[in-house]
């Protein structure tokens, strides 16, 4: 098992180029990258952020 570094929502938002409020909204709506809740803390693994970006890719002309 490979263990990724866990980062907080501020770091994850910066990594994705979005706001912390966007990250919170995505969690509330059940969208966005997978996350871990450790007590009251929310953490994201770098591997999950990479997977989220990869899954969000759209090829030009797709769906036409």
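The values are calculated or read from the model by the stated rules, or taken from the named source; none is laboratory data. Because the structure is predicted, anything quoted here is derived from the model rather than measured. Here Cβ is always computed from backbone atoms with ideal geometry, including for glycine, and neighbour counts include all displayed protein chains.
What the table shows:
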| quantity | calculated |
| --- | --- |
| Index of the failed condition, residue 11 passing every other in (1) modelled with pLDDT of 95 or more; (2) in contact with a helix residue (DSSP H, G or I) (Cβ under 9 Å, 6 or more places away or on another chain) | (2) |
| Residue ID - nearest to residue 52 (Cα to Cα), chosen from residues in segment 22-38 that are out of contact with any strand residue (DSSP E or B) (no Cβ under 8 Å at 6 or more places or on another chain) and in a loop (DSSP other than H, G, I, E, B) | 32 |
| In segment 1-21, residue farthest from the chain's Cα centre (by Cα) [restricted to those that are part of a helix (DSSP H, G or I) and loosely packed, with under 15 Cβ neighbours inside 10 Å] | 21 |
| Residue selected from segment 22-64 under the condition loosely packed, with under 10 Cβ neighbours inside 10 Å and under 20 Å from residue 3 (Cβ atoms), by the criterion nearest to the chain's Cα centre (by Cα) | 54 |
